[in-house]
Number of protein chains: 2
Amino acid sequence: MTKYIKQTRILVAVDCIIFGFDGFNLKLLLIKRGFEPEKNKWSLMGGFVQSDEKPEDAASRVLKQLTGLKNVYMEQLLVFGEPERDPIERTVSITYFALIDIKKYEKQLSDDYRAEWFQLDRIPQLIFDHDKMVQHAKNRLRYKAALHPILFELLPEKFTIPQIMTLYEQVYDVQLDKRNFTRKLRSTGLLIKQLDKDKENSKKGAFYYKLDKTTYKEKFTKFLNFVSNPEY
Amino acid sequence: MTKYIKQTRILVAVDCIIFGFDGFNLKLLLIKRGFEPEKNKWSLMGGFVQSDEKPEDAASRVLKQLTGLKNVYMEQLLVFGEPERDPIERTVSITYFALIDIKKYEKQLSDDYRAEWFQLDRIPQLIFDHDKMVQHAKNRLRYKAALHPILFELLPEKFTIPQIMTLYEQVYDVQLDKRNFTRKLRSTGLLIKQLDKDKENSKKGAFYYKLDKTTYKEKFTKFLNFVSNPEY
DNA sequence: CAATTAAATGTTATTTTGACACGACTAATC
DNA sequence: GATTAGTCGTGTCAAAATAACATTTAATTG
């Protein structure tokens, strides 16, 4: 068979929007780009899709390079493909968001990429169209988290209710009512109360909870629903 | 500046999942592929991204080629990029869904591509990974339409409430209650009742409505909301 | 042991949802 | 011109979900 002649072949990259939560703030992991163009500017972590590699695998590889972490929750977002977005050569970039437990990252830390966590409201200017990518990722995180319990991916194995609530407040940039939030959260049946408390952030201490992984899988698509009981 | 040497350049295509609604059924527009491989098999309409073209523009161009329509509601979906998905040469395909008023299409009909509308539950086997693309598009349509009034894009300028309801029933594959649906729909403030009726489908006739385009734009992000009043 | 600080909890009013049935309108037919 | 047939359009009520609201409890600190 013949090839598709006369068509343009294009560089295909992936860029990762990596979210983390330190218990107080939702953060984004950025690197200082190590090569021209735009060397030493802040950037998303990215890389090119290799000849025998699925884009998903490229994204996982790139994420592992930076964070040392595997089996991270990732989701494909938009492709950015304006002809002039990379001044060197045309490149389309597939974006992914990744949700990681920031503490796990710290354990695996490698400083090869001069990475830093930034609060979402203090993100520096980024190269190319990476600002737009981040903006879109924040948006998609809101959509997804309104329907599915993905924010637990940002939390450590044991977490407290005040922590989750802060996380939701950060993601949606709202103030929530403790009592109503707790009630709703409990009604999901996703939480298992532990006997010990987190004493780091208050004198009284807040009880730890774990995620009930069985119900997590069951309820993933039914966390909160809309058009009553749609089958997604 | 130097190029990114040693990296693989890949063909980048777009494929369009084109939805239409004829007043009774939600349908998908497919073509008979006109070249090898898989010549004469059913396929999504697609094309390659040109060297100076945004992917969005490629999708619009491809859509116009097939349907003759411009300014159609389109949205980028997933990229499919498995190395072996196209047996001829590696190609990553960016998928888009398009929502069109089927009647407008019929006016613009060109038969160059041997296109046909298929009911969603009667879709033939498609080439490559196009089945997966369609599956994903159906899913995304549900998500999106649960939060935003995009299904109006599928309707003609004047439409009836029974029509919209049928559309929602098709998209979510449920039976809806006429009274509750009407109440909810009216509460959106999106509809403007006309004085004339559609007499085609019943003796009594159903009043036509038009979309209130001002409130449509205002309410687009607040059609139905979830985490109470999030700013998307 | 008093003061401080954040955690945990319950009630009520309001809004939204879901379930449910019948009369009205018009074209077609006799 | 009366009858029939078929879809359109509408209202009520009970149940569930949501939003608003304040006090008590647990533990540390001085």
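Any read-out appearing in this document is the output of simple, stated calculations on the displayed coordinates, not a laboratory observation. Here the structure is a predicted model, which means the values were calculated and not measured. Counting neighbours? That spans all protein chains shown, and the Cβs are built from the backbone with ideal geometry, glycine included.
Using DSSP, restrict attention to beta bridges with both residues in the protein assembly as shown and report what percent are antiparallel, rounded to the nearest 5.
On the way: 57 of 77 bridges.
Close to 75 percent.
Along the principal axes of its C-alpha atoms, what lengths does region B:5-152 span, in descending order and rounded to whole Å?
Computed over region B:5-152, the largest-to-smallest principal extents equal 52, 34, 28 Å.
Can you give the longest run of chain B that contains no GluC sites (Glu not before Pro) sitting in a DSSP loop with at most 15 other Cβ atoms inside 10 Å?
On the way: sites that count: B:E84, B:E89, B:E157, B:E200, B:E231.
Value returned for the longest uninterrupted segment is B:1-83.
Inverting the mean 1/r over all pairs of different Cα atoms, compute the Kirkwood radius of region B:133-208 and quote it in Å.
Details: mean 1/r = 0.0738 Å⁻¹.
That comes to 13.5 Å for region B:133-208.
If you line up the long axis of helix A:161-172 against the longest principal axis of chain A, both from Cα atoms, how many degrees apart are they, to the nearest 10?
In chain A, helix A:161-172 runs at an angle near 40 degrees to the longest axis.
Relative contact order of region A:130-232: what whole-number percent is it, with Cα pairs under 8 angstrom and at least 6 residues apart?
On the way: 90 pairs, mean separation 32.3, N = 103.
31 percent.
Can you put B:T221, B:T215 in order of Cβ neighbours within 10 angstrom, beginning with the fewest? Working shown, then result.
On the way: B:T221 12, B:T215 15.
Taking fewest neighbouring Cβ atoms as first place, the list is B:T221, B:T215.
Find the chain B residue whose Cβ sits closest to the rotation axis that carries B onto A, and give that distance in whole Å.
B:R9, 2
How far is A:R183 from itself in the other copies, in nm, if each label sits 7 Å out from Cα along the Cα-Cβ line, shortest first?
For A:R183, the inter-copy label distances come out at 2.2 nm.
Using alpha carbons only, how many degrees (0 to 90, rounded to 10) separate the axis of helix B:55-67 from the longest principal axis of chain B?
Tilt of helix B:55-67: around 70 degrees.
Give a residue-ordered list of calculated ³J(HN,Hα) values for region A:189-197 (Karplus: 6.51 cos²θ - 1.76 cosθ + 1.60, θ = phi - 60°; whole Hz; x for Gly, Pro).
x, 8, 9, 10, 6, 9, 8, 9, 10
For B:K132, which inter-copy label distances result when the label point lies 7 Å beyond Cα on the Cα-to-Cβ vector, reported in nm to one decimal and in ascending order?
Label point to label point, same position, other copies: 2.7 nm.
When each copy gets a label point 7 Å from Cα toward the beta-carbon at B:Q194, what are the spacings between them in nm, shortest first?
Relative to the other copies, B:Q194 has label-point distances of 6.2 nm.
Hey, fewest Cβ within 10 Å first, where do A:T166, B:T8 land in order? Please list the in-between numbers first.
Values: A:T166 18, B:T8 14.
Lowest to highest Cβ neighbour count: B:T8, A:T166.
Please give me, ordered by residue number, the trypsin sites (Lys or Arg not before Pro) of region A:67-111 that lie in loop per DSSP and have at most 10 other Cβ atoms within 10 Å. Display every interim value, and only then the final one.
On the way: sites: A:K70, A:R85, A:R90, A:K103, A:K104, A:K107; in loops: A:K70, A:R85, A:R90.
Sparse-neighbourhood loop trypsin sites (Lys or Arg not before Pro): A:K70.
For a quick check: sort A:F35, A:F24 by the number of other beta carbons within 10 angstrom, fewest at the front. Walk me through the intermediate numbers first.
Values: A:F35 9, A:F24 12.
Listed from fewest to most nearby Cβ atoms, that is A:F35, A:F24.
Quick one, what does Rg over Rh come out to for region B:2-73 if you take C-alpha atoms and the Kirkwood Rh? Walk me through the intermediate numbers first.
Working: Rg = 15.5 Å, Rh = 14.2 Å.
Expressed as Rg/Rh, it is 1.09.
Dividing the Cα convex hull volume of the protein assembly as shown by residue count, how many Å³ per residue is that? Mind dumping the intermediate values first?
Details: hull volume 77.0 nm³, N = 464.
It is 166 Å³ per residue.
If one takes the longest principal axis of the Cα atoms in chain B, at what angle in degrees, from 0 to 90 and to the nearest 10, does the Cα axis of helix B:178-187 lie?
It is inclined by approximately 80 degrees.
How much length is gained if the chain between B:L176 and B:N40 is pulled fully straight, taking 0.36 nm per residue apart and subtracting their Cα-Cα distance, in nm to one decimal?
Once the chain is fully extended between B:L176 and B:N40, it gains 45.1 nm.
Give the residue from A:I100, A:N25, A:P37 lying farthest towards the positive end of the charge dipole for region A:20-102; charges sit on Cβ (+1 for Lys and Arg, -1 for Asp and Glu) and the dipole is referred to the Cα centre.
A:N25
Report relative contact order for region A:65-171 in percent, whole number only (criteria: Cα-Cα under 8 Å, sequence separation at least 6). All intermediate terms of the calculation are to be shown ahead of the outcome.
Values: 88 pairs, mean separation 30.6, N = 107.
Contact order relative to length: 29 percent.
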